[in-house]
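No value in this document is a laboratory result; all are computed from the given coordinates. Quick caveat, the model's predicted, so the values are computed rather than measured. Ideal geometry is used to build each Cβ from the backbone, glycine not excepted, and the neighbour counts take in all protein chains shown.
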Amino acid sequence: MRYYSLNKQSPLADFKEATIKGQAPDKGLYFPERIPAIEPSFFKNIGNIADDDIAFRVIRPYTEGSVTDDELHRIVTETINFPIPLVQVTDTIHSLELYHGPTLAFKDIGARFMSRCLGLFSKERSEKVIVLVATSGDTGGAVANGFYGVEGVEVVILYPSGKVSPVQEKQLTTLGKNIHALEIEGSFDDCQKLVKQAFADSALTKKLFLTSANSINVARWLPQQFYYFFAYKQWKQKEQAPVICVPSGNFGNICAGMLAHISGLPVSHFIAACNANDVVPGFLQSQTYLPKKAVATISNAMDVGDPSNFVRILELFDHEFIKLKSTLDSYSISDADTKVTIRNVYQSFNYLLDPHGAVGYCALEKYLRQHPGLHGIFLETAHPVKFYDVVEPVIGSKIPVPESIKDILLKPMKRSKMGNRYEEIYNYLMGI
Ligand SMILES: *Cc1c(COP(=O)(O)O)cnc(C)c1O
């Protein structure tokens, strides 16, 4: 498979080059030259296919030429070594729980896949690869965990002081080894600005091999297709394809689902569930795309004012608004409604949502109310304990801490505190 830049000013790249570069030289996102079609018999028989074989079948056309079949089998098996259950919540609504991985959020899947690919590619190079990433919380933890101990790769994570949740901060700072956490005196936007400045600093990039691990990287974006197939495998009513609702921020996750659908995965309709950051719901109403400054909400991983991956969705639909509208609806859900949803679903169905999943549930419920007879799945993208400071006061009780993170909460944090000046970052990177 080869990938072109959506800005159309860079040469084609194979999977390896697209992964290593992250972004094309013309600053465009990489996009696959063709979308593979999966044969209908695969879906008929999906109940009998093991998860790692499904993942292998789905991703193989995308990595062909860059990863051998043996390596790919190993990578997908290691990527999905935790359960991804589809859980029934009401008569018409199911939850796809994507939070059983090591950092309790769906980003584990993309980050684990990408880290293993980059680990493989960096073996062939003599210089060390430095993965540089800014995080508002979940990305950093998933990337740190995914790359922990990977030879030849150092990971530097910038996070805003005091603005990530306590669990998230532990996940960023307790690993050590090749994972470096920098606590920045500033906001997430400041962190992102510093990262961008480093990538644009040719004096630095001449000396160091820098790459990014955010969701625009094809090696993080494409494996997110896996769990849409796993959801369908567990979907009982195969005579009617599910509506799928995805809590969305940068729109990488839902874009992977739509890609899977174009490859043949049966889905009745997609819903992009947004918080107060309503650029895409606005676009679907007015056909005008108006990026905004992000506003802070209780579903903070979705606080994005100009979603990077939306341009990939437009490309999937040949930039034809009517075609896109027939497949996608989008709702903006307020913090107040998110809290009401967490409380009601907990009281009525004994199911605990995190704020991101609650945005998804609420949007799906709205759509199903307008389209009686349909059934749907929302993606539960994080474990509620990651956001206990929001969820516990809403339900009025404590959330039990999962065994898997009890250890981490006891470990000491290691991080370097820094001001908001580029020189400090520069010096740190040069010193690795
Ligand atoms: C990152 C994140 C999202 C948003 O995913 P996108 O791919 O950026 O749309 C939603 N929920 C949680 C918990 C996340 O960490």
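Remarks
- Our estimate of slack between ASP407 and LYS177, defined as 0.36 nm per intervening residue step minus the Cα-Cα distance, is 81.1 nm.
- Span from the the stretch 161-227 Cα centroid across to the the stretch 112-151 one, whole angstrom: 10 Å
- In this simple spin-label approximation, GLU127 and LYS323 carry label points 7 Å from Cα along the Cα→Cβ vector, and these lie 4.0 nm apart.
- For the chain, built as a Gaussian network whose Cα springs stay under 10 Å, the top-fluctuating residue of VAL218, VAL394, VAL133: VAL394
- Mean Cβ neighbour count within 10 Å, used as a protection proxy, ranking 405-415, 25-35 highest first: 25-35, 405-415
- Cα-Cα P(r), the stretch 179-234, percent of pairs per 5 Å interval: 4, 14, 15, 18, 18, 10, 8, 7, 5, 1, 0
- Over 32 Å between alpha carbons, listed pairs LYS107/LYS411; LYS206/LYS386; LYS170/LYS339; LYS323/LYS386; LYS21/LYS163; LYS8/LYS128: LYS206/LYS386; LYS323/LYS386
- Overall Cα dimensions of the chain - principal axes, largest extent first, Å: 60, 49, 43
- Calculated from the alpha-carbon coordinates, the stretch 1-42 shows an Rg and a Dmax of 12.1, 40 Å respectively.
- Contact order relative to length of the chain, as percent, for alpha carbon pairs under 8 angstrom and 6 or more apart: 18 percent
- With both labels modelled 7 Å from their Cα along Cα-to-Cβ, the TYR148 to SER187 distance reads 3.2 nm.
- Computed log10 I(q)/I(0) for the stretch 160-269 at 0.17 Å⁻¹: -0.98, from the Debye equation with unit scatterers placed on every C-alpha and solvent omitted.
- For peptides 368-381, 253-266, sequence by mean Cβ density within 10 Å, most packed first: 253-266, 368-381
- With both labels modelled 7 Å from their Cα along Cα-to-Cβ, the TYR428 to GLN240 distance reads 5.2 nm.
- Global size of the stretch 117-207 as Cα Rg and Dmax, reported in angstrom: 13.3, 39
- Chain lengthening between ALA296 and LYS206 when straightened (0.36 nm per residue, less Cα-Cα): 28.7 nm
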